[in-house]
Amino acid sequence: MPDPDDRVSEIYQASRQRLEPPGELDRRILDEAHRAVERRQRLPYRSLALAATVVLGVGLAWLQLHTTQIVEDATAPRPESMVQPATGDADHMPANKRREAPAPSLPSLPDIRSPAGLSVAPVAPPPPARQRQIDAVRSRPYADGEALTTAPEADISAAAEAGGDAEQALPGPGAPCGLATRPTDRAAWLAALRDAETRGDAETLACLRRAMREALDGALP
Amino acid sequence: MQRYRDGDVQAFDDLYARYRGPVYRYIARLLGTGHDIDAVVQDCWFRVIHHRDSWSAAKPLRAWLFRIAHNLAVDVLRSSTRSPVDAVDNVSELPDNRRSIDHWQFIRDCVERLLKLLSELPAAQRNAFLLKEEAGLSLQQIAELSDVGRETVKSRLRYAIGSLRRGLEGCEHA
């Protein structure tokens, strides 16, 4: 006599044989299982691609910013370094701070951006033609017969008066009005005047007359 | 399950081949007709797939799998007042190998009676019976899965089998 509990179980087992999930359900479940594995296998690559994209983007942004900064540094004017070279502070200051430094932070310095400021800039400009002319007169050797006390002043005055034409009047040291050498006596002045008249150079002629007047106390021919 | 979690798709195919019938029958016979059995079974397996990381090797796979099936089926039962009427089995297709037609008919009658009796059992008793017969779980495992004590499960099973045995009178020699 079998155990009644076992008989119930046996009968139940007999009922199991034909109750199975339909094939369509099997396919759906197995497809989902395969898709889930594929999704997970793709996940590291997606993460890697995302990370690479982020790194590349940051790198490009940094490069763009850095390039812009270099161009700005290269093209921006640096007034501080021009007016204050001796201190060395500007050289030690970072480029971006130099750029951002406001103009009022240098109250003792003139504003070189204005024409008026340029005239008082501490950097010594090249000596003007007038000054060079005066220097040339001061340094020239004196010829025989010239008054040591008056001649230099006269020459300086003539040279100063001729300042407007200084650029063309002084090709050589001490020689006025484009002459190779400075005339040392009345005959030389006259020869120079005649030469200018011969060439028809009215400008040089006028210059020589002024210079001769000053040099010879107005004794024009 | 561990192999499937590591990306071995074939491992899931093997696992599914082993448990597809028991899980399907457990849900189908616990719920009975009037429910979309296929949808519940699909939901159960999809949860297994998507929550495979929540399984640990320390847990028996069978218990973990049937806990998911149990929770889903109980949720469906709670949301429905319909009492299960077991007509999902195509009993007429039971195989007849070496036995005579009369004997086959006798067995078929007994199975039909068993399934009817099973569907008329209280859900808790039916659940305990199915977990024992389909999942092959121990009393302790059924107790843990059902969140009741082991003695309670033992009692439920005793009542369930007693009712079935009384209803199957005459089938002892089937």
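The 3J(HN,Hα) values that the Karplus relation (6.51, -1.76, 1.60; θ = phi - 60°) gives for segment B:140-153 are, in residue order, 5, 5, 5, 4, 5, 5, 8, 6, 10, x, 4, 5, 5, 5 Hz. Gly and Pro appear as x. Here each label is just a point 7 Å from Cα along the line to Cβ, and for A:E72 and B:V148 those points are 7.7 nm apart.
Here each label is just a point 7 Å from Cα along the line to Cβ, and for B:S138 and A:E10 those points are 2.7 nm apart. Note that segment A:180-197 has calculated 3J(HN,Hα) couplings of 5, 9, 6, x, 9, 8, 4, 5, 5, 4, 5, 5, 5, 5, 5, 4, 5, 5 Hz, one per residue in order, obtained from phi through the Karplus relation 6.51 cos²θ - 1.76 cosθ + 1.60 (θ = phi - 60°); glycine and proline are x. Left without a cysteine partner by the 4.7 Å Cβ rule in chain B: B:C44. Note on segment B:94-174: semi-axes of the ellipsoid equivalent to its C-alpha gyration tensor, largest first and rounded to whole Å, are 29, 13, 9.
Ordered by the number of other Cβ atoms lying within 10 Å of each residue's own Cβ, fewest first, A:H66, B:H35, A:H34, B:H70 fall into the sequence A:H66, A:H34, B:H35, B:H70.
Evaluating 6.51 cos²θ - 1.76 cosθ + 1.60 at θ = phi - 60° for every residue in segment B:108-114, the Karplus couplings come out as 4, 4, 5, 5, 4, 5, 4 Hz, glycine and proline recorded as x.
In this label model, B:A39 and B:S54 are separated by 2.1 nm, measuring between points 7 Å along each Cα→Cβ vector. One chain, two ends: A:V55 and A:A191. Fully extended at 0.36 nm per residue, the span grows by 40.4 nm beyond their Cα-Cα distance. With springs only between Cα atoms under 10 Å, which of B:D102, B:D147, B:D75 fluctuates most in a Gaussian network model of chain B? Greatest mean-square fluctuation among the candidates belongs to B:D102. Give the Debye-formula value of log10 I(q)/I(0) at each listed q (0.10 Å⁻¹), with one equal scatterer per alpha carbon of chain B, two decimals each. Scattering profile of chain B, log10 relative to I(0): -0.43.
Computed from the C-alpha gyration tensor, the three semi-axes of the ellipsoid equivalent to segment B:1-85 are 26, 12, 10 Å, from longest to shortest.
No value in this document is a laboratory result; all are computed from the given coordinates. Computed from a prediction, not measured in an experiment: that's the story for all the values here. Because the Cβ atoms are built from the backbone with ideal geometry, glycine has one as well, and the counts that use them run over all protein chains shown.
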